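Since the structure comes first, as structure tokens, the remarks are kept for the end.
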Amino acid sequence: MSEARTRHTRVEGSGVVQVTGELIATRRAGAYHHLTFVAPGLAELARPGQFVALAVGGETSANLLRRCFSIHKVSPSGTYGGTVDVVISAVGAGTEWLSTLRAHDEVDIVGPLGRPFPLPSEPVVTRFVTEPLAEAEPDWTWAVEAGAGGMGAIQSVSGGTTLLAEILPVARVQRAFNARLCARVSFAGLGTQAQVTLPGGYANVSQTSVLAEGLVRFRRGKRLEPVLSFGAGILYLAAEGHEMAPYIGGNAYRISAAADAGVGLRMPLRPRRVELGFELHALVAEPYPVVRFTQSEVARAGRPSLLASITLLGGI
């Protein structure tokens, strides 16, 4: 670094200087960025408790306001002269720009600012009396979820296919292990019946599913939280046959093993307590249930059965 590259302006009587500081070191410190600037004149004046104001965005930037940071460390003398260290968190346009700086980039710095405090010459015991701070509301561990969904089986008649829709209640109980992973038990059933209509009769078809699922949450705490789930359980299909004379309709049911995969979005209404959820699931059963009419297959489920749901979740 050359002397000519460092601008040094002092406001007489104020103990404040304005310098063009050169970045000589940058490193990550967990979620933060540790920056070291050569700032001759400023480093020599800095005292405990003071801060500096950094211009951001470069000379042509629309960011007119400086960003202020407490001084982390100063070294009045060194290989390049006096240095000032600051630690920043990239949470906005200005600090994002600072976090992208590389060695030898320059930043306009004003400081030291603020009222310094003296360091005690002897060891002291200090007691602070404060009011307890309001803690962030903890995330839920258990949650109950309830809502409604639409579930569809497939009707197959004369080479064509139709989705048979049912409206049914959806209920879930969830246990969160951390911010990302959950386990839950899901129930969907006891709703309306889909009707398969054929010449000479019809059948009412209903589906019920009970699943144990694992759930992965993404972007926890954001406005929209994507979720991904996988599960296994049972699919129960019941059919009530109604046929015209001389035939007699019959009732039948089938219980099959089922595997499920789903995707969805959560929208926090009250952070970490109340959430609105939208999910879409595909459920595959083995053996898959079939509805037959005079020995011909007219409808089937679990290849796959589709479930779309909207629910409200309350955390405990």
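Readers should treat all values here as calculations from the given coordinates under stated rules, not as data from a laboratory. Model, not experiment: these values are computed from the prediction. Glycine gets a Cβ as well: all are built from the backbone with ideal geometry, and neighbour counts include every protein chain shown.
Values for this structure:
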| item | result |
| --- | --- |
| Where trypsin sites (Lys or Arg not before Pro) fall in DSSP loop in the stretch 185-286, at most 15 other Cβ within 10 Å | Arg219, Arg220, Lys222, Arg223, Arg272 |
| Cβ-Cβ FRET estimate between Val216 and Ala93, R0 fixed at 25 Å, reported to 0.05 | 0.20 |
